[in-house]
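Presented below is the structure to which this report refers.
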Amino acid sequence: AASSGCWRSRATGHARRQPRTVAPARTMREGECVTFLDALRSRYEKGAVGAEGCRELAGRAGLSERDKEKQTNLELLERVVLQDANVAGGGEAGAIATACPKIEELDLTGNPLAGWDATLGIARELPALRFFSLVRVALPPPPPAAIEGVGAALGALRTLVLNETGLSWAHACTICAQLPRLEELQLSDHTIDLDAEAELQATRALPDVFPALRVLLLENAGVRSWDDVWRLRDLPALEVLSLNANPIDRVRYVRADEAAGGANGAAAPFATLQRLFLYESQLSSWEDVDQCDQFPALRELRLQDAPVVKGIGASVARQLIIARVGGIDALNGATVSRREREAAERFYLRQSIQHYPEPLPTPPAAEGEGGAAAEPQEPRLPEELGAVWAPFLKSNPRWRGLVGVHGMHSAQLPRTGGGGRTLAMSLVTLTLTSKAGESVDAKHTERKLPTSLTVAKLKLVCCQVFKLDPAKQRLFYGGPDAAGGAADGSG
């Protein structure tokens, strides 16, 4: 755990809340199980034999005297980390409540707790508990008696971490149904079968199970398909959904009116979802990216290491995703500025030209009064482009809207003298000449190159022609009438 009180989920940048600490808990000898209070005193109590909390805090810069006192006085202690401390149970009834009544955040990762009785027995004596981590604690399916006790023991809980516990989705729902204030659930790093019959029973009343849930992390949880994810669409407060490292191979968003057969008034699926994380998914089609544009409140998307973006370069992939998903202001952890969005959308329009089924038709010239030519205006995209354009428009759902925003000139090739446009017109002819000593005798050569070619790629062309290391090149450009040219800059 970091001193900030957070640790990061798998490459999402989303902070999983963890109690703040200054050092890992002291690990007991193998097989030496202790009570919660014994481990707590050994780690935190001021003046205890072997206590680590006081010694670690004594020389730590940046902590106020008040914080130091809180971390070494059990009665004031609010955040506790006892990872792999061999805690097996709570000990004598009432002792925890008397010794440390103010604990709000508790991390018991990797402890051999003796089932639900021991787990809930500790929590029951901590009325202020808001965060509870049970990572790597082997928990059996909760028996009816344990389920009845969850509300009394964890009723004030806001965050519950059940990673690597072995609990299924149905068992987690059964527990969380007793926690109406729960805002964050983490159920990662073990398989949860949302498609099993028992799991289906648990998902039918999810809005009632999770009325306040804002953050749901199901990372590396064996979620196999988007159909499984779609069962979460009616969670009323869900803002963050992390599905990293799951073999999800498609995204489909069905609007409420379509799902209801055209009925009006139906609530939009995932109506409050703002952040969707799909790192290490199996998405392989741009159609899946386009579907992300349908989420009504989406503001952040993460798509690193998905097949759809592999092999095209991080910069190109970023621009295409930004252009295709219009509502996001953050992508893969980095903010999308207004300037970056405009540049990405124009780049996308230029890239789309090569996929046109035919050149764009030229809109008819507008006429003024009396048949005179009207003032020159930005040409508009025709309302109907014809059946031949239907596949292109289907695979590029934002294209028409972006043409309306950025103008026809952003979506057109240069015109020939007769007004037509061809793909060949996206090429320019450059004469390449070397002034470098090792190739000064080389003959100049002409190349037809695309106007979208970057300087870095132009250097690679020069490397092929003149056998010069791109890192040592400096490019200059001279127009048709220039003698020598001016430095273009090598960036």
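Overview of results
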quantity: Of the criteria (1) modelled with pLDDT under 70; (2) more than 26 Å from GLN186 (Cβ to Cβ); (3) among the basic types (Lys, Arg), which one ARG26 fails; calculated: (2)
quantity: Only listed residue being of a type in the set (D, E, K, R), touching a residue at least 12 places away in the same chain (Cβ under 8 Å) and open to solvent by 10 Å² or more (accessible area, probe 1.4 Å), chosen from GLU75, GLU65; calculated: GLU75
quantity: Some residue of the range 473-485 being open to solvent by less than 50 Å² (accessible area, probe 1.4 Å) and at pLDDT 80 or above; calculated: yes
quantity: Residue list for the range 264-313, filter: over 17 Å from PRO236 (Cβ atoms), assigned to a loop (DSSP other than H, G, I, E, B), in contact (Cβ under 8 Å) with a residue 12 or more places away in the chain and open to solvent by 20 Å² or more (accessible area, probe 1.4 Å); calculated: TYR279, GLU280, GLN282, SER284, SER285, ASP293, GLN294, ARG299, GLN304, ASP305
quantity: Boolean, LEU243 is open to solvent by less than 10 Å² (accessible area, probe 1.4 Å) and modelled with pLDDT of 95 or more; calculated: yes
quantity: Residues satisfying the stated conditions in the range 389-433, i.e. open to solvent by less than 50 Å² (accessible area, probe 1.4 Å), among the small types (Gly, Ala, Ser) and modelled with pLDDT of 90 or more; calculated: GLY401
quantity: Failed item, numbered, when LEU179 is tested on (1) in a helix (DSSP H, G or I); (2) touching a helix residue (DSSP H, G or I) at 6+ places or on another chain (Cβ under 8 Å); (3) closer than 27 Å to ILE103 by Cβ; calculated: (1)
quantity: Qualifying position, being surrounded by 15 or more Cβ atoms within 10 Å (Cβ to Cβ), in contact with a strand residue (DSSP E or B) (Cβ under 6 Å, 6 or more places away or on another chain) and at pLDDT below 90, among ARG10, ARG20, ARG43; calculated: ARG20
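The values are calculated or read from the model by the stated rules, or taken from the named source; none is laboratory data. As the structure is a prediction and not an experimental result, all values here were calculated from the model. As a convention, Cβ positions derive from the backbone with ideal geometry for all residues, glycine included, and neighbour counts pool all protein chains shown. We work out accessible area using only protein heavy atoms, side chains counted, and drop any ligands, DNA or RNA first. Shrake-Rupley method; radii C 1.70, N 1.55, O 1.52, S 1.80 Å.
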